[in-house]
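The values are calculated or read from the model by the stated rules, or taken from the named source; none is laboratory data. In this text, all values refer to a predicted model and were calculated from it rather than measured experimentally. Backbone-built Cβ (ideal geometry, glycine too); neighbour counts: all protein chains shown. With ligands, DNA and RNA removed, areas are computed over all heavy atoms of the protein, side chains included. Shrake-Rupley method; radii C 1.70, N 1.55, O 1.52, S 1.80 Å.
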Amino acid sequence: MRKRGFQAPGLDVPASESGAAGRLTIAGRGANSNRASRFLAVHSEAESDGWAADAGAFDPAISPATELYPDRTRTLITRNTSPDIPFDQSINPYKGCEHGCVYCFARPTHAYLDLSPGLDFETRIFYKTRVREALQAELGKPGYRCRTIAMGTNTDPYQPAEKQQRITRTILEVLLEHKHPVSIVTKGQLVLRDLDLLAELARRQLVSVAVSLTTLDSTLKTRLEPRAAGPRARLRMIRGLAEAGVPTAVMVAPVIPFLNDQEIEDMLAAAAAAGARRANYILLRLPLEVRTLFEDWLTEHYPLRAARIMNAIRESRGGKAYDAAWGTRMRGTGVFAQLIARRFGAALKKHGLTDATQAPLRTDLFEPPGARQRSLF
């Protein structure tokens, strides 16, 4: 017997009913399976007993509903010592992401919650609570040293839940109040809602925003990132941010061999025309459960190219689907990876872009919580 936490009803169906290749395409979702957390000792699978009138029926047009849960984690700021990323502290307002990007390297983190990195990751979303109080407390700790806080490093701070929860906006309000620098990576057009805060932070050189752009092909976007903003919307995001004076970059990620790599030059041209001034890219990463989810997705949507794509990925990862070695995990190694790097560099030069996604930000303006009151004594 196998047990699954928060199993969405009706998702386990006989292979004969799941279409070609024995899999499901679920409307509005990236993953087509909900395999249990790797940490669970036992898990179960639902199976019809034949008694229900609609036993065995499955309608792929019906997507499992998104559910939100409070995350009462006491520590808001997460710290890391990774030598190949440009920040050492970050905030992720949400665990899980409704955008449903099938390739998302953060999916395996849901296993730590005894949930599936598959459908659970994009339908069981946890949101941080008491963020204003928690952030002010951490910024006010004795010995706190001001360094850029990165947002969007794990899950998107502007995913659909943010429209009601307003957690990301609350964090930005606190950071602006205390003149603390922040960098953001997002593919959610809700970022434009916060232009007032972002423009004010930008005026003090306290913010940079990178818009993630994966493709200019709306059909591919819908399959790859079902609930994220479309390509035109993301270019509008870049334009809106740049016109408001916010230092804006484009993150071409992930680059997937023989699926979207042919668009690199066009994406950089479109982003530069929209107002981006910096750019970076990441080669597809397939850690842990993401490999199986992505392979299933390829078989479902691009069966004739699946083997070729995976072979190119392995060639760029030392013969494996993924290599987590620092220094190479973002861009890979080998002939294909070198070709991507040369093409990207040439396109940067052609369009006058800088090879970076984060603008230099100020830390000398920081005012810790309570600093003004203490200065009166």
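Listing for the model above:
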item: Residues that are of a type outside the set (A, V, I, L, M) and touching a residue at least 60 places away in the same chain (Cβ under 8 Å), drawn from the range 319-336; result: Trp326, Gly327, Arg329, Phe336
item: Residue, nearest to Thr215 (Cα to Cα), within the range 191-201, restricted to residues that are without any contact (Cβ under 8 Å) to a residue 40 or more places away in the chain and surrounded by fewer than 20 Cβ atoms within 10 Å (Cβ to Cβ); result: Arg193
item: Within the range 109-123, considering residues that are open to solvent by 10 Å² or more (accessible area, probe 1.4 Å) and touching a residue at least 60 places away in the same chain (Cβ under 8 Å), the one nearest to Ser33 (Cα to Cα); result: Asp114
item: Residue within the range 161-181 that is over 27 Å from Ala244 (Cα atoms) and open to solvent by less than 10 Å² (accessible area, probe 1.4 Å) present; result: no
item: Selection from the range 66-99 of residues that are more than 20 Å from Val182 (Cα to Cα) and open to solvent by less than 70 Å² (accessible area, probe 1.4 Å); result: Thr66, Tyr69, Pro70, Asp71, Thr73, Gly96, Cys97, Glu98, His99
item: Among the candidates Thr215, Thr248, Thr219, residue that is over 16 Å from the mean Cα position of the chain (by Cα), more than 22 Å from Ser90 (Cβ to Cβ) and β-branched (Val, Ile, Thr); result: Thr219
item: Verdict on Asp120 being of a type outside the set (Gly, Ala, Ser) and touching a strand residue (DSSP E or B) at 6+ places or on another chain (Cβ under 8 Å); result: no
item: Any pair with Cβ under 8 angstrom, 6 or more apart, that starts in the range 337-364 at a residue that is in contact (Cβ under 8 Å) with a residue 24 or more places away in the chain and ends at one that is open to solvent by 30 Å² or more (accessible area, probe 1.4 Å) and among the polar types (S, T, N, Q); result: Leu348/Thr354; Asp355/Asn280; Ala356/Asn280; Thr357/Asn280; Ala359/Gln205; Pro360/Gln205; Leu361/Gln205; Arg362/Gln205
item: From the options Phe126, Phe121, Phe87, residue that is of a type in the set (Phe, Trp, Tyr) and at pLDDT below 95; result: Phe87
item: Selected residue (only one of Ala229, Ala253, Ala276 is among the small types (Gly, Ala, Ser) and touching a residue at least 60 places away in the same chain (Cβ under 8 Å)); result: Ala276
item: Test set (1) under 18 Å from the mean Cα position of the chain (by Cα); (2) closer than 23 Å to His178 by Cα - Glu133 fails condition number; result: (1)
item: Residue match in the range 361-371 (condition: β-branched (Val, Ile, Thr), within 30 Å of Glu200 (Cα to Cα) and assigned to a loop (DSSP other than H, G, I, E, B)); result: yes
item: Helices (runs of 4 or more DSSP H) fully within the range 103-188 counting 1 or more residues that are more than 24 Å from Arg236 (Cα to Cα) and either among the hydrophobic types (A, V, I, L, M, F, W, C) or touching a Gly at 6+ places or on another chain (Cβ under 6 Å) (or both); result: 119-123, 131-139, 167-177
